Each structure stands twice: as C-alpha cells, then as structure tokens.
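What follows is a short report on a single structure.
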Amino acid sequence: MAKRLDSTGLTFRQDYFGDPAGWAALVRLLQDIFGIDIGPLKHLGGPDPTSMPFGWFDATGELAANISAFALPFVINGRVVHAAGLQSGAVRPQWRGRGLYRDLTVKALDWCEQQGFEAVILYTDKPSLYEPYGFRSIPLHRYEGAAPAPSTSAAPALPLSPTNADDLALLQALLKTRSPVSTTLSVTTNAAMFLINTQIDPEIRVSFLEDQQAVIAWKMDAAGRFSLLDVVASDIPSLAAILGGLDIASAGIDVFFRPEKLDWVGTPQPLESTTTLMQRGLGDVTPHFPAMLSPLADF
Ligand SMILES: CC(C)(COP(=O)(O)OP(=O)(O)OC[C@H]1O[C@@H](n2cnc3c(N)ncnc32)[C@H](O)[C@@H]1OP(=O)(O)O)[C@@H](O)C(=O)NCCC(=O)NCCS
C-alpha cells in the first residue's frame, strides 16, 4: 500500500537552480537546517551544472523540503562508475512527518534511474533512513604514518584562494584534468564540491606546487600534525615532493584517501566520522583496500 503524503499548501518543483529565488530558498534551507552556507558557490563557478533539485515550496516561496541529485562519477576498485550523488536532503521542522522526504527521495531515485545512472551515493548521519531504498554503507579508512624526508623543491608552494579570480581559473583548469587521487576510491572531477568545501572549513589550506602542476589541500593542527586531504593533478606527486614543496616538517601524517600513488606507506585506520557513505546499485561492493573519498569531495 502506498504510504501517505500530505503536501497541503505546498507546490512541487524540480530543476530550480536557474531561478535565483529557487536557489536562494535552498541556500536558506541549508543554512537553517545544517548551519552551512553554500551561497559563496555563486562566486565559485556556481552549483554543479548537472544538479537536479527536487522540492516542495510553501506559498511564500520558502523551501519546505529538498533533495538534490547530481552526476558524481567515481572510481572504485579501478573502475569508473557512472554514478549520481544525492545531497542537501532536508525538511523544515514544521513540515516533517508528512511523507515529504520519502516523496522527494522516491522522485530523485526515479530520476536517477531514468537518467541511466548505474549507482547512487550519499553521505548521511541517519543510515536507517536510506536502507529501505537498498542503500548500503561503504566502510571508510584514513591512513596514518611517519613523514618521509621532504624532497628538495624547485620553488616554494603558492597559497591559492578560490575566491581570487586567477586562482579560481587555475583550480578549475586543474580540476577538469585531474587524475583520480586513488584508484581504490575517489571522485573523478566534482569541481563544485571541492571549491565550496574550501570555503566551508576555514582550516583547509590550498597550495599550488608549480613544478609538480599539483594543487594540495591540507591542514596542520595546533600540535603540528599534517593532514593531507586531497591532491589535484594529472600526475600525483610523491608525499616527499608534497612536503618539500610545502616546506613542511611534521613527524606524523594523516592521509585522507588511499595513498597508493604517494610513494609512501601508512597504516589504515577506520575513519571517525558522524556520517556514513552509502551506495545503491552496486550490490555488496566495498573497496578492495581500506580507502575513503577525500574530505574535499564531501557533499
Ligand atoms: C530526516 C528528515 C529529512 C525526515 O523528514 P520527514 O519529512 O519527517 O520524513 P518523512 O515524513 O518523509 O518520512 C520518511 C521516512 O523517514 C523516516 N524517518 C524520519 N525521520 C527519521 C530519522 N531521524 N531517522 C531515521 N528515519 C527517519 C520516517 O519514519 C519515514 O519512514 P517510512 O517511509 O517507513 O514511513 C528530516 O527530519 C530532516 O530534515 N532532518 C534534519 C536534516 C537531515 O537529517 N537530513 C537527512 C540526512 S542525509
């Protein structure tokens, strides 16, 4: 029996990112529910052009409920999967419990099937919300270990600011032609999420190693421990070259993707996180080696 949907007083809309009022309603929804501001995306090349939002709007133009699908090809175990991602799933408190989210989830999954996506992935802190639709968790691991001796660098790294027009152009060019940072698990492009994630977490630093033609996303904690979050390049440099370019000496290192291209060996550790990565469409597939999607791919 079909479950009840109560959408009294609401209007269903789809594909509203081109409408400034629709986009602004989503920015407000995500600010109100998650405390995340995706407004700066407007100045970072805009939302992912493949985005397909589904939502219920109230009479004042406010979004009561939203979920957005977008193309998110990713690599798992050496194979590129033609996948979609689901993100920005939220219902305003006063509209919850009426079946709006179930309705939007079904609509978004139907759309993904019609588009021919072979899989759908998402992050959630509520896995049980998605299990009824066949989503399964993918275990995630970071790597930790000792730092290699930094190699000598030809030129110091340049800090990049995605809000600077020249830096943004350089970043976008490199994001377009990047190689997967790991063939065990990584996204293939996903430029919009990389760019907005640099703005959401102010501790993320983005540096350009000109001699390597590589962008490095990294962090350093108060104790001086280095975290490597992502590398955007067509040839992934070694960790020694990255540390040399950044002129960083750190005893311990965490790498937030499988580091098989870094000429470095670390020990996998289960990722401590409040969210779970889930997939639908690939059966029971899991990475052949401990792995995770870079935090710069978070969506
Ligand atoms: C989670 C959320 C989207 C549910 O919205 P909603 O409009 O109340 O959901 P619906 O009425 O459509 O219910 C859909 C189903 O989800 C279930 N559900 C609702 N809240 C849930 C929760 N917190 N955890 C697990 N399942 C939940 C309902 O029981 C219902 O199950 P059914 O289909 O078997 O009847 C909403 O509470 C919300 O926006 N929360 C904050 C943001 C969030 O958590 N977003 C999703 C994370 S990815």
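The values are calculated or read from the model by the stated rules, or taken from the named source; none is laboratory data. Nothing here was measured: the structure is a model prediction, and the numbers come from that model. Here Cβ is always computed from backbone atoms with ideal geometry, including for glycine, and neighbour counts include all displayed protein chains. With ligands, DNA and RNA removed, areas are computed over all heavy atoms of the protein, side chains included. Shrake-Rupley method; radii C 1.70, N 1.55, O 1.52, S 1.80 Å.
List of remarks:
- Filter pass, residue 49 being closer than 24 Å to residue 194 by Cβ, at pLDDT below 95 and more than 12 Å from the ligand (Cβ to nearest atom): yes
Yes or no, residue by residue, for (1) on the phi < 0 side of the Ramachandran plot; (2) in contact with a His (Cβ under 9 Å, 6 or more places away or on another chain):
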position: 212; (1), (2): yes, no
position: 220; (1), (2): yes, no
position: 247; (1), (2): no, no
position: 252; (1), (2): yes, no
position: 258; (1), (2): yes, yes
position: 262; (1), (2): yes, no
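- Strands (runs of 3 or more DSSP E) fully within segment 224-272 counting 1 or more residues that are charged (D, E, K, R): 226-232, 252-255
- Restricting attention to segment 82-105, the residues that are of a type in the set (A, V, I, L, M, F, W, C) and either more than 10 Å from the ligand (Cβ to nearest atom) or surrounded by fewer than 16 Cβ atoms within 10 Å (Cβ to Cβ) (or both) total 2.
- Residue match in segment 67-79 (condition: within 13 Å of the ligand (Cβ to nearest atom), under 24 Å from residue 195 (Cα atoms) and touching a Pro at 6+ places or on another chain (Cβ under 6 Å)): yes
- Exactly one residue out of 246, 228, 239 is under 17 Å from the mean Cα position of the chain (by Cα) and outside the structural domain of residue 80 (by TED's automatic domain parsing), and it is 228.
- Close pairs from segment 125-136: first more than 19 Å from residue 282 (Cβ to Cβ), partner open to solvent by 70 Å² or more (accessible area, probe 1.4 Å), Cβ under 9 Å, at least 6 apart: 125/274
- Counting only strands (runs of 3 or more DSSP E) that fall entirely inside segment 106-149 and contain at least 1 residues that are touching a Phe, Trp or Tyr at 6+ places or on another chain (Cβ under 6 Å) and buried (at least 19 other Cβ atoms within 10 Å of the Cβ), the qualifying elements are 141-146.
- Whichever residue in segment 196-223 is β-branched (Val, Ile, Thr) and assigned to a helix (DSSP H, G or I) and, among such residues, is surrounded by the fewest Cβ atoms within 10 Å (Cβ to Cβ): 200
- Residue 47 being surrounded by 14 or more Cβ atoms within 10 Å (Cβ to Cβ) and touching a His at 6+ places or on another chain (Cβ under 9 Å): no
- The lone exception for residue 114 - which of (1) closer than 26 Å to residue 70 by Cα; (2) in the same structural domain as residue 205 (by TED's automatic domain parsing) it fails: (2)
- Residues located in segment 153-185, provided they are part of a loop (DSSP other than H, G, I, E, B), touching a residue at least 60 places away in the same chain (Cβ under 8 Å), open to solvent by 50 Å² or more (accessible area, probe 1.4 Å) and polar (S, T, N, Q): 163, 183
- Single condition residue 76 does not satisfy, out of (1) buried (at least 18 other Cβ atoms within 10 Å of the Cβ); (2) over 25 Å from residue 282 (Cβ atoms): (2)
- When segment 14-37 is limited to residues that are open to solvent by 70 Å² or more (accessible area, probe 1.4 Å) and in contact with a Pro (Cβ under 8 Å, 6 or more places away or on another chain), the one that is farthest from the ligand (Cβ to nearest atom) turns out to be 15.
- Counting the residues of segment 23-68 that are within 16 Å of residue 9 (Cβ to Cβ) and in contact (Cβ under 8 Å) with a residue 24 or more places away in the chain gives 11.
- Number of the exception - residue 251 against (1) open to solvent by 60 Å² or more (accessible area, probe 1.4 Å); (2) in the same structural domain as residue 134 (by TED's automatic domain parsing): (2)
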